[in-house]
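Each remark here refers to the structure printed beneath this line.
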Amino acid sequence: MSGDVFEPAHDGELLPIYENGLDVLVSWHPATRVPAGTPHGATAICLIPTGQVVLVRTKAGLWSLPGGRPEPGETWEDTLRREVREEACAEVTQTRLLGFGRGECIRGRDLGKVLVRGLWLASVDLLPWVDEFEMLERRSFPAAEARTLVRDALAGGHKQIITRMFQEAGLV
C-alpha cells in the first residue's frame, strides 16, 4: 500500500479499525473542543530546524510518531513533552495542538471504552540518542516520506487520522 493516497479524516467521521481483537471506531476532532472520553495521551509530528520530521522505530521495526500515555496528574502537553523526550530524545521548544483523535471500542474486551488522544505539532531540538526506552532508533525524514512511513505502519482509519494531522500541520 506504500504510496497510496488517503483522504484525510473529516471532523467527527467514524473510521473503523480492527486490531488486537478489538473493533474500534476512531474519529478526528478539531483542537477547539476536547471530545468526550478518557484522556489517553499525546502524539506529535516533531519538526527539527531543517523542517524534517522526527520518527522513532518501534521494537516491531515500524516507524512511528513519538507519543504515549499520560502519567497521573499530567496535562496533554506535559505528556507530549515527556514522551518526546523519552522516545525521541528530543526537547520540545514549541507546540501547537492540531486536534484530537477519539477511539470508541465497539467489540472486544474493551467494549464501551472511549479514549481521547491529543494530536500535536511540535518543534524540537534533538538531544544525544540514548537507547533507554522502548524505541530502537530515531531518524528524521522529509515530511512526505515520514507521512507515508507512519501511515503504512497503521491499521484502518488511523491512516486517515495521520493524513489529517499532516494536513493540519501544513505538511501536505
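Once label points are set 7 Å from the Cα along Cα→Cβ at both residue 78 and residue 152, what is their separation, rounded to one decimal in nm?
3.8
Please determine, in degrees from 0 to 90 and to the nearest 10, the orientation of helix 158-168 with respect to the longest principal axis defined by the Cα atoms of the chain, where the helix direction is its Cα long axis.
It works out to around 60 degrees.
Grab the DSSP H runs of the chain that are 4 residues or longer, score each as -39,500 (n - 2.57), total them, divide by all residues and round the 222 nm result to the nearest 500 deg cm²/dmol.
Estimated from H runs of four or more residues: -6000 deg cm²/dmol.
Scan segment 90-139 for chymotrypsin sites (Phe, Trp or Tyr not before Pro) in coil per DSSP, keeping those whose Cβ has at most 14 other Cβ atoms within 10 Å, and list them by number. Provide the component values of the computation, followed by the final result.
Working: sites: 100, 120, 129, 133; in loops: 129, 133.
Loop-located and lightly packed - 129, 133.
With no solvent and one equal point scatterer per Cα, compute the Debye intensity ratio I(q)/I(0) for segment 107-150 at 0.14, 0.29, 0.30 Å⁻¹ and report its log10, rounded to two decimals.
Debye curve over Cα of segment 107-150, log10 I(q)/I(0) at q = 0.14, 0.29, 0.30 Å⁻¹: -0.65, -1.17, -1.18.
Starting from the Cα coordinates of the chain, work out the convex hull volume and express it per residue in Å³. Spell out each step's value before the answer.
Values: hull volume 20.0 nm³, N = 172.
It is 116 Å³ per residue.
About the Cα centre of segment 72-132, how large is the charge dipole given +1 on each Lys and Arg Cβ and -1 on each Asp and Glu Cβ? Please answer in debye to the nearest 20.
In debye, rounded to 20, segment 72-132 gives about 480.
What FRET efficiency, computed as 1/(1 + (r/R0)^6) with R0 = 35 Å and r the Cβ-Cβ distance, is obtained for residue 59 and residue 32, rounded to the nearest 0.05?
Once rounded, the FRET efficiency stands at 0.45.
Would you work out the relative contact order for segment 15-168, in percent, from Cα pairs under 8 angstrom that are 6 or more residues apart? Don't skip to the end; give the middle numbers.
Numbers: 352 pairs, mean separation 51.4, N = 154.
Contact order relative to length: 33 percent.
Can you give me the relative contact order of segment 68-148 as a percent, contacts being Cα pairs under 8 Å and 6 or more apart?
Averaging sequence separation for qualifying contacts and normalising by length gives 28 percent for segment 68-148.
Let me spell out the model: positive unit charges on the Cβ of Lys and Arg, negative unit charges on the Cβ of Asp and Glu, origin at the Cα centre of the chain. What dipole size does that give, in debye rounded to 20? Each step should come with its number before you reach the end.
Numbers: 19 positive and 24 negative charges, 47 e Å.
Charge dipole of the chain: 220 debye, to the nearest 20.
Give the longest segment of the chain that steers clear of trypsin sites (Lys or Arg not before Pro) in DSSP loops with at most 10 neighbouring Cβ atoms within 10 Å, not counting the sites themselves.
It works out to 110-172.
Which percent, nearest 5, of DSSP beta bridges in segment 15-168 are antiparallel?
Within segment 15-168, antiparallel bridges account for around 85 percent of the total.
Roughly what angle does helix 143-152 make with the longest principal axis of the chain, taking Cα atoms, 0 to 90 degrees, to the nearest 10?
40
Computed from the coordinates by the stated procedures, all read-outs in this text should not be read as laboratory data. On a predicted model such as this, the values are computed, not experimentally measured, just so you know. In this analysis, Cβ positions are derived from the backbone assuming ideal geometry, glycine residues included, and neighbour counts consider all displayed protein chains.
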